[in-house]
Amino acid sequence: QSALTQPRSVSGSPGQSVTISCTGTSSDVGAYNYVSWYQQHPGEAPKLMMYDVNKRPSGVPDRFSGSKSGNTASLTISGLQAEDEADYYCCSYTDTYTDVIFGGGTQLTVL
Amino acid sequence: QVQLVESGGGVVQPGTSLRLSCAASGFSFSSHGMNWVRQAPGKGLEWVALIWYHGNKGEYADSVKGRFTISRDNSKNTLYLQMNSLRAEDTAVYYCARINGYTDDYWGQGTPVIVSS
């Protein structure tokens, strides 16, 4: 089973907004509202930033928001800050035997 | 607070075995399913295995099925990953993660596994 499709990189200037897309299929992203997003800084463990498409864990700034349309989920970061520069991975529950499928990751650069 | 601490990684030769451990604290370990997720150098995240809270059954990625076994000891608050017949392509940082609903809400810091002759 192929990974969910994410852009390899996105960039934005401080204060701007960026959106990272995550495209799957009708067996994963399109079938369930169980998409999560993880932020990973170099050398660190992934950190949960969004779950169930648009729910923010405690402590995650409200600059982060999630949405989904059809087979594509999106993570939007508004008011970009330098510390947002990291890799971002989407993840979806899937009704295939793997249960969980990740995206290939998107490198966010804050210019 | 929730803590997950992996251990057991190292440098091993192809064809050999290794057992990873993940010590959990700060939550009711026996109430949560657990995942192992790995990340090869410079690559993305790859789900490896899952075990439900009762520990009766594990599920595996195709890439490790038949070689890796996930298990848990709820009396010790510890998750394990027995890795046999290791291959170069198993080289990665291995993370354990707590399942909460349909997401992994807490992750350990990872333990590196290098398979090389």
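Here B:Tyr80 meets the list (1) open to solvent by 10 Å² or more (accessible area, probe 1.4 Å); (2) within 14 Å of another protein chain (Cβ to nearest Cβ); (3) within 14 Å of the chain's Cα centre (by Cα); (4) of a type outside the set (Asp, Glu) almost entirely, failing just condition (2). The residue that is nearest to the other protein chains (Cβ to nearest Cβ), counting only those in the range B:99-117 that are more than 15 Å from B:Val48 (Cβ to Cβ) and at pLDDT 95 or above, is B:Gln109.
Residues that are in a loop (DSSP other than H, G, I, E, B), in contact with a strand residue (DSSP E or B) (Cβ under 8 Å, 6 or more places away or on another chain) and of a type in the set (Ser, Thr, Tyr) do occur in the range A:74-95, at least one of them.
Out of the residues in the range A:33-82 meeting the condition of being charged (D, E, K, R) and in contact (Cβ under 8 Å) with a residue 12 or more places away in the chain, tell me which one is farthest from B:Val5 (Cα to Cα). Quick ask: steps written out before the conclusion?
Within the range A:33-82, the first condition is being charged (D, E, K, R), and the residues that meet it are A:44, A:47, A:52, A:55-56, A:62-63, A:68.
Now narrow it down to the ones that are in contact (Cβ under 8 Å) with a residue 12 or more places away in the chain: A:52, A:63, A:68.
Details: A:Asp52: 26, A:Arg63: 30, A:Lys68: 33 Å.
Taking the candidates together, the pick is A:Lys68.
If only residues of the range A:100-111 that are open to solvent by 20 Å² or more (accessible area, probe 1.4 Å) and at the interface with chain B (Cβ under 7 Å from one of its Cβ atoms) are counted, the one that is modelled with the highest pLDDT is A:Gly104.
If you go through the range A:60-99 and keep only what is within 11 Å of chain B (Cβ to nearest Cβ) and either on the phi < 0 side of the Ramachandran plot or not charged (D, E, K, R) (or both), you end up with A:Asp87, A:Tyr88, A:Tyr89, A:Cys90, A:Cys91, A:Ser92, A:Tyr93, A:Thr94, A:Thr96, A:Tyr97, A:Thr98. The set of residues in the range A:37-65 being crowded, with 16+ Cβ neighbours inside 10 Å, in contact with a Lys or Arg (Cβ under 9 Å, 6 or more places away or on another chain) and under 22 Å from B:Glu46 (Cα atoms) consists of A:Tyr38, A:Gln39, A:Gln40, A:Met49, A:Met50, A:Val53.
Confirm whether A:Thr94 is of a type in the set (Ser, Thr, Tyr) and in contact with a Ser or Thr (Cβ under 8 Å, 6 or more places away or on another chain).
Numbers: of a type in the set (Ser, Thr, Tyr): yes; in contact with a Ser or Thr (Cβ under 8 Å, 6 or more places away or on another chain): yes.
Considered against the rule, which asks whether it is of a type in the set (Ser, Thr, Tyr) and in contact with a Ser or Thr (Cβ under 8 Å, 6 or more places away or on another chain), A:Thr94 comes out as yes.
The values are calculated or read from the model by the stated rules, or taken from the named source; none is laboratory data. Given the structure is predicted, the values throughout are model-derived calculations rather than measurements. Glycine gets a Cβ as well: all are built from the backbone with ideal geometry, and neighbour counts include every protein chain shown. What goes into the accessible areas is simple: the full protein's heavy atoms, side chains included, and nothing from ligands, DNA or RNA. Shrake-Rupley method; radii C 1.70, N 1.55, O 1.52, S 1.80 Å.
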